[in-house]
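Below is one structure; the comments refer to it alone.
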Amino acid sequence: MSRTETEIATQPECWRHAVELAGRTDGPARTGMPRPGERVAVLGCGTSWFMGHAYAVLREIAGQGETDAFPASEVPPGRSYDRVVVLSRSGTTTEVLDAVRRLRGMTPCVAITADPASPLAALADVAVVLDFADEDSVVQTRFATTELVLLRALLGEDLGHLAGQAAQALYEPLPVPGPLSEGQGGAGALHGLLAAEQFTFLGRGWAYGIAQEAALKMREAACAWTEAYPAMEYRHGPISITGPGRVVWWFGDRAALPAGLADDIARTGGRLIALGRDPLADLIVVHRLAVALAAARDLDPDRPRHLTRSVILA
């Protein structure tokens, strides 16, 4: 197994650990995180930005206060926040560190990172360290999903079921693309997915961030042609790319799939996957697919093209 595969397989245990961490009342995961009613910005780059977007939507849904998510390089000037949450696995990303330095002394910053000795942990007012979910791989999988599990648990979600869904997602056959695919598959299903020319990932609300992350994982690990959109925006142009040999992947409850969308996809000749579990659990299926597609294309997911584990600019 590649390092990436090994780390993907540890997600159920990492998620259990994150839920336990959120339940402790005396650690920084409780004492340093935003309080209900605070106006919050969430910053990150790449995967961390997508996880931040999901958290921002979930925090507002939970009624805990206005929450914005930005790439660390694109924080609008002149906006006032009560607290900033900064997400970075390595804690060394240049844009993230620059943003935190600009905010020091003005806005409290809490960082979620994997390395307690990182520059980000030193700069932030509070550091929440998920070293148990750290990764050797360039392509983020378990750290990103674990930090979002922690954030969701801190918002008060009951996630006792989630590790079980993650374990199911690790070992079930890859899905058969078809009318409202429910996940049954086998060798033929895998062949159909690996032969797909293009993938479009869709979600609504916080699941749109998961759709973005799914598309990124497929691009990073397998150099796949992928796109991601809010589900209701898909018919405003992006559906034109769908057709025979192309897959549309829905994240979220199957009952929440926009009315008529499955029929619209079928008319294009495209194939739909809608597994219907928690979007984070279904993201694990995409992790597995990305690794399988990389192998089919003679690519090494541990050594993605043109990427390093952290972007450090001179």
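The values are calculated or read from the model by the stated rules, or taken from the named source; none is laboratory data. Please read these numbers as outputs of a predicted model, since none were measured by experiment. Quick reminder, even Gly has a Cβ in these numbers, built from the backbone with ideal geometry, and neighbours come from all protein chains shown.
Miscellaneous remarks
- Residues of region 123-149 that turn out to be closer than 17 Å to L43 by Cα and among the small types (G, A, S), as a count: 3
- Only one of A255, A214, A259, A266 that is free of Cβ contacts under 8 Å to residues at least 24 places away in the same chain and part of a helix (DSSP H, G or I): A255
- Cβ-Cβ contacts under 6 Å between residues 6 or more apart (or on different chains), taken from a first residue in region 61-85 that is farther than 16 Å from I112 by Cβ to a second residue that is of a type in the set (S, T, Y) and not in a helix (DSSP H, G or I), are listed as Y81/T107.
- Some residue of region 230-249 being of a type in the set (D, E) and either at pLDDT 95 or above or part of a strand (DSSP E or B) (or both): yes
- Matching residues, region 267-278, being at negative phi and either modelled with pLDDT under 95 or surrounded by 18 or more Cβ atoms within 10 Å (Cβ to Cβ) (or both): G270, R271, L272, I273, A274, L275, R277, D278
- Flag if D282 is touching a Lys or Arg at 6+ places or on another chain (Cβ under 8 Å) and either buried (at least 24 other Cβ atoms within 10 Å of the Cβ) or in a helix (DSSP H, G or I) (or both): no
- Neighbours by Cβ (under 8 Å, 6+ apart or cross-chain): first from region 139-153, among the small types (G, A, S); second surrounded by 24 or more Cβ atoms within 10 Å (Cβ to Cβ) and not in a helix (DSSP H, G or I): A144/R89
- Verdict on A29 being in a helix (DSSP H, G or I) and modelled with pLDDT under 95: yes
- When residues of region 58-77 are limited to those that are assigned to a helix (DSSP H, G or I) and small (G, A, S), the one farthest from D278 (Cα to Cα): S73
- Members of region 142-158 found to be within 17 Å of the chain's Cα centre (by Cα) and either more than 17 Å from M51 (Cα to Cα) or of a type in the set (D, E, K, R) (or both), listed by number: R142, E147, R152
- Helices (runs of 4 or more DSSP H) wholly inside region 85-167 containing at least 2 residues that are among the hydrophobic types (A, V, I, L, M, F, W, C) and surrounded by 22 or more Cβ atoms within 10 Å (Cβ to Cβ): 94-103, 142-154
One line per residue, one yes/no per condition, for (1) hydrophobic (A, V, I, L, M, F, W, C); (2) modelled with pLDDT of 90 or more:
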{"residue": "L97", "(1), (2)": "yes, yes"}
{"residue": "F143", "(1), (2)": "yes, yes"}
{"residue": "T146", "(1), (2)": "no, yes"}
{"residue": "G156", "(1), (2)": "no, yes"}
{"residue": "H191", "(1), (2)": "no, no"}
